[in-house]
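Structure, as structure tokens:
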Amino acid sequence: MKNIKLKYSYRNKGYFLTAVIVVLSLFIFSCEDQNYLHEKYLEEGETIYIGKVDSMIAFPGNYRIKFRWRVGNDPRTTKTVIYWNEREKSVEVPLNAVADSTGSLWDETIIENMEENDYVFEFEMQDEQGNISMPIEITASVLGDLYTENIRKRGVEGIAKLETAEMEIQWNKVSNKELIYSVVEYEQDGSTVKQQVPNDDNKSYVSGLSTGDTIYIYSCYLPENGLDTFATAKVTYVMPKFQREIDKADFSTSDKPGDNTSVNNGRPLSAIFDGGVRNNGEDGTILHTVDYTNASGEGIEFRFPNKFTIDMGKPATLYQFKIWPRTDNSPFTGHSARFIEVWGVDELKTQDDFATEEEYQNYYSTTYVVQNNPVDYLSKDDTNYVDVVSNTNSKAENFVEATPEDGIYNWQEDWHKLGDFEIKKPSGFKYGTKSSADEDAWNEGFTFDLNEIGGKVRYVRILVKFPNWQNTNCVNIGEISLYGDDL
């Protein structure tokens with residue numbers, strides 16, 4: 001074996017020393033770096049965590065929120081700090097815990113003036129030395145106008161005025177568990193009344209209101225664990241009409257100067273509210289005035305417009321008027337009325353209201369009215385009717401009152417005009433010709449809506465204008481009915 005000899009020189013010695021210095025430098029630097037990493041914690045000392053919160057509960061409110069949390073039994077705890085908006089905002093709550101029935105300690109607070117939004121809140125306990133607990137998060141919402149805009153009041157199925165004069169409100173069922181009750185609000189005797197309606201009530205009643213009065217309905221919501229109650233927008237309702245047939249048992253005639261009081265064979269004005277629509281029927285009879293068609297001069301006691309005044313016996317707000325012709329006649333023939341005006345007043349003037357008898361007579365007998373020319377209401381081939389019109393005694397000047405002088409103070413200045421109506425023949429066929437629709441309409445009677453005057457009337461005056469169906473100076477009316485609110 002060959003021996004290898006290493007030469008040792010100063011040059012090799014220099015390389016060796018350099019390597020030793022490098023290794024020692026790296027070792028020293030490594031030790032200093034480790035000391036640097038621990039220095040921060042050595043200077044700060046040991047971190048001590050105190051007991052954390054537990055079982056947090058959020059109660060959403062109107063631009064505010066309430067929290068309730070269990071604080072544990074750590075005696076070092078002095079306060080709770082609540083952070084939100086990524087810790088940009090916070091509130092400190094000094095410890096004021098109260099024990100529940102199990103001995104657990106609970107604290108609570110309300111944070112006011114919050115914006116409506118969804119938040120992540122962090123709860124952190126602290127002691128007097130600044131030691132903290134591990135933070136615990138909870139997600140919760142603050143409610144406000146946006147929430148209110150998206151809740152809806154309980155549905156109203158309908159409102160009706162009852163015979164007791166109460167208003168009945170019919171409600172839809174409640175399906176939203178957060179809707180806790182509804183409110184009916186209205187003004188009465190100068191005060192605001194708020195009537196609370198439970199969800200279980202399908203109907204509720206309001207007293208002391210009249211047709212046309214206003215109520216406001218809204219509902220109140222309490223969100224799950226809610227801190228505040230939220231009300232929906234108010235919805236306005238106008239109290240409806242009450243309408244029924246006015247009881248004709250209280251009706252009576254109230255003849256006034258100028259009224260047609262003539263009676264043909266025991267068929268007076270009172271017959272128009274006796275229940276009968278046929279001449280001498282089983283349930284009553286008809287109004288049949290004296291026929292002045294063939295009379296002349298002073299022999300014509302009454303002319304169109306024929307006036308009839310009725311006392312209903314009590315005041316009522318009238319909505320509809322129904323009139324039946326003489327139904328035992330062929331449809332749209334005879335003396336039955338064709339053009340009608342209906343007037344009403346709450347109080348009659350008597351002779352005591354006038355200085356003279358003449359003024360009293362003129363007041364009720366003077367009537368300003370537009371009469372119609374029967375020729376304007378004929379079919380083109382209505383030759384039979386034209387023959388009647390051309391008869392000397394059938395001319396309008398013999399049947400129509402002369403137009404009164406202008407400026408006479410008369411009853412129309414005090415009464416309300418409730419309606420001006422024409423009874424129309426459905427078929428439009430010539431006089432004496434009929435269809436099944438004509439027969440049905442004639443027997444059913446004719447219903448007209450009356451002008452609403454915003455008040456009640458007790459007395460009704462009916463004007464029958466020229467011409468009737470046969471163009472005669474006579475009036476037949478089978479029956480009338482009036483419908484409205486007499487409560």
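Of note:
Results for (1) closer than 18 Å to Leu463 by Cβ; (2) more than 44 Å from the chain's Cα centre (by Cα); (3) among the charged types (D, E, K, R), shown as yes or no for each residue.
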residue: Gly266; (1), (2), (3): no, yes, no
residue: Gly276; (1), (2), (3): no, no, no
residue: Asn280; (1), (2), (3): no, yes, no
residue: Asp283; (1), (2), (3): no, no, yes
residue: Ala295; (1), (2), (3): no, yes, no
residue: Glu298; (1), (2), (3): no, yes, yes
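- The set of residues in region 406-451 being farther than 21 Å from Asp328 by Cα and touching a Ser or Thr at 6+ places or on another chain (Cβ under 6 Å) consists of Ile408, Asn410.
- Scanning region 143-171 for residues that are within 13 Å of the chain's Cα centre (by Cα), in a loop (DSSP other than H, G, I, E, B) and not small (Gly, Ala, Ser) yields Lys153, Arg154.
- If you go through region 47-68 and pick out every residue that is in a strand (DSSP E or B) and farther than 30 Å from Ala231 by Cβ, you end up with 4.
- Enumeration of residues in region 79-107 that are surrounded by fewer than 16 Cβ atoms within 10 Å (Cβ to Cβ), in a strand (DSSP E or B) and of a type in the set (Val, Ile, Thr): Val91, Val98
- Region 434-487, subset surrounded by fewer than 21 Cβ atoms within 10 Å (Cβ to Cβ) and hydrophobic (A, V, I, L, M, F, W, C), residue nearest to Phe308 (Cα to Cα): Leu463
- Comparison of Asp201, Asp118 shows that the only residue that is of a type in the set (Asp, Glu) and part of a loop (DSSP other than H, G, I, E, B) is Asp201.
- Test: residue in region 205-227 that is of a type in the set (D, E, K, R), over 30 Å from Ile272 (Cα atoms) and in contact with a strand residue (DSSP E or B) (Cβ under 6 Å, 6 or more places away or on another chain): no
- Test: Asp118 is surrounded by 12 or more Cβ atoms within 10 Å (Cβ to Cβ), touching a strand residue (DSSP E or B) at 6+ places or on another chain (Cβ under 6 Å) and not assigned by TED's automatic domain parsing to the domain that holds Tyr181: no
- Strands (runs of 3 or more DSSP E) fully within region 392-487 that include at least 1 residues being acidic (Asp, Glu) and under 24 Å from Asp247 (Cα atoms): 416-422, 446-449, 479-485.
- Selected residue [assigned by TED's automatic domain parsing to the domain that holds Asn410, closer than 24 Å to Leu287 by Cα and in contact with a helix residue (DSSP H, G or I) (Cβ under 8 Å, 6 or more places away or on another chain)] from Thr333, Thr309, Thr327: Thr327
- Scope region 310-337; condition over 18 Å from Val460 (Cα atoms) and part of a loop (DSSP other than H, G, I, E, B); matching residues: Pro325, Arg326, Thr327, Asp328, Asn329, Ser330, Pro331, Phe332, Thr333, Gly334, His335
- Exactly one residue out of Tyr368, Tyr377, Tyr409, Tyr363 is buried (at least 16 other Cβ atoms within 10 Å of the Cβ), modelled with pLDDT of 90 or more and not basic (Lys, Arg), and it is Tyr363.
Per-residue answers, yes or no, for (1) aromatic (Phe, Trp, Tyr); (2) within 30 Å of Ala160 (Cα to Cα); (3) free of Cβ contacts under 8 Å to residues at least 60 places away in the same chain:
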site	(1), (2), (3)
Val193	no, yes, yes
Asp200	no, yes, yes
Thr211	no, yes, no
Cys220	no, yes, yes
Phe242	yes, yes, no
Gly258	no, no, no
Thr261	no, no, yes
Gly266	no, no, yes
Val290	no, no, no
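- Residues that are touching a Gly at 6+ places or on another chain (Cβ under 8 Å), within 13 Å of Ile310 (Cβ to Cβ) and not in a loop (DSSP other than H, G, I, E, B), drawn from region 250-286: Asp250, Ser252, Ala271, Ile272
- Which numbered condition Thr232 fails, given (1) within 30 Å of Ile57 (Cα to Cα); (2) surrounded by 14 or more Cβ atoms within 10 Å (Cβ to Cβ); (3) at pLDDT below 95: (3)
- In region 206-249, of all residues being among the hydrophobic types (A, V, I, L, M, F, W, C) and part of a strand (DSSP E or B), the one that is nearest to Glu116 (Cα to Cα) corresponds to Phe230.
- For region 226-245, filtered to residues that are among the aliphatic types (A, V, I, L, M) and out of contact with any Ser or Thr (no Cβ under 9 Å at 6 or more places or on another chain), the residue that is nearest to Leu482 (Cα to Cα) is Val235.
- Cross-chain or 6+ apart pairs with Cβ under 9 Å, region 429-446 first and on the phi > 0 side of the Ramachandran plot, then assigned to a helix (DSSP H, G or I): Gly432/Asn384; Gly432/Tyr385
- The single residue among Glu168, Glu137, Glu157 that is surrounded by fewer than 18 Cβ atoms within 10 Å (Cβ to Cβ), at pLDDT 95 or above and not assigned by TED's automatic domain parsing to the domain that holds Ser210 turns out to be Glu137.
- Region 457-473 - residue that is at pLDDT below 95 and of a type in the set (A, V, I, L, M, F, W, C) and, of those, nearest to Pro325 (Cα to Cα): Trp469
- Checking Tyr216 against (1) of a type outside the set (Val, Ile, Thr); (2) surrounded by 13 or more Cβ atoms within 10 Å (Cβ to Cβ); (3) closer than 30 Å to Phe67 by Cα, the condition it does not meet: (3)
The values are calculated or read from the model by the stated rules, or taken from the named source; none is laboratory data. Since the model is a prediction, treat every value here as computed from it, not as a measurement. Methodologically, a virtual Cβ is constructed for each residue, glycine included, from the backbone with ideal geometry; neighbour enumeration extends over all protein chains shown.
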